[in-house]
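The values are calculated or read from the model by the stated rules, or taken from the named source; none is laboratory data. Everything quoted here is computed from the prediction, not taken from an experiment. Here Cβ is always computed from backbone atoms with ideal geometry, including for glycine, and neighbour counts include all displayed protein chains.
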Amino acid sequence: MEDEKFYKMINSKVIENITRCGGDLNKHHQVEFFIYVPNEEDAYRAAAIIQKVGFEVEVSQSGSDSDWLCLATMKMKPKLSDITKISMYLAKLAESFGGNYDGWETPIDF
C-alpha cells in the first residue's frame, strides 16, 4: 500500500504538469513507460510479458550504462488511477528481473 501512495504522489505531479501546460486529459495520449533491466535476454523476456497485457514494446541498450531499456507504449487517457496501476505493475515486473521502473512521459496533446 505504501508503494501505491508513492506512485500516486509521483504520477499526480506529472499529470498536474500536463494540465498546467494546457494538455487535455480527456484526449488519448501516446504514453511511454521506461523499464530498465540488466541484460538483453531479460529485456526481451520482460518485453514479451509487457506485450501480452497490451503494450507495444521496444528493446534497446541504454545509452547511459550497460542496462537494457524496455520502452512500453500505449495510447490512453492519462488517468491517475490507471497510470498508478500500470506503474506498480511495471515496477514489480522490472524488480523481478533485477531491474527498475523509471517512470513515464507523454507528449502534451492540446
> With respect to the numbered conditions (1) touching a strand residue (DSSP E or B) at 6+ places or on another chain (Cβ under 7 Å); (2) under 25 Å from Ile18 (Cα atoms); (3) among the polar types (S, T, N, Q), which one is the sole condition not fulfilled by Ser81?
Replying inline: (1)
>> List the residue pairs whose Cβ atoms are under 9 Å apart, where the first residue sits in segment 1-24 and is within 22 Å of Tyr89 (Cβ to Cβ) and modelled with pLDDT of 95 or more, the second is surrounded by fewer than 12 Cβ atoms within 10 Å (Cβ to Cβ) and not hydrophobic (A, V, I, L, M, F, W, C), and the two are 6 or more positions apart or on different chains.
In response: Lys8/Ser81
> Ile35 fails exactly one of the following numbered conditions: (1) surrounded by fewer than 13 Cβ atoms within 10 Å (Cβ to Cβ); (2) among the hydrophobic types (A, V, I, L, M, F, W, C); (3) in contact with a helix residue (DSSP H, G or I) (Cβ under 6 Å, 6 or more places away or on another chain). What is the number of that condition?
Replying inline: (1)
> Among (1) at positive phi; (2) surrounded by 15 or more Cβ atoms within 10 Å (Cβ to Cβ), where does Gly54 come up short?
Replying inline: (2)
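Take the residues in segment 84-94 that are over 20 Å from His29 (Cβ atoms) and in contact with a strand residue (DSSP E or B) (Cβ under 8 Å, 6 or more places away or on another chain); name whichever of them is surrounded by the most Cβ atoms within 10 Å (Cβ to Cβ). I'd like the intermediate steps shown before the answer.
Of all residues in segment 84-94, those over 20 Å from His29 (Cβ atoms) come to 91-94.
Subsequent filtering for residues that are in contact with a strand residue (DSSP E or B) (Cβ under 8 Å, 6 or more places away or on another chain) retains 91, 93-94.
Details: Ala91: 20, Leu93: 19, Ala94: 22.
In this case the residue turns out to be Ala94.
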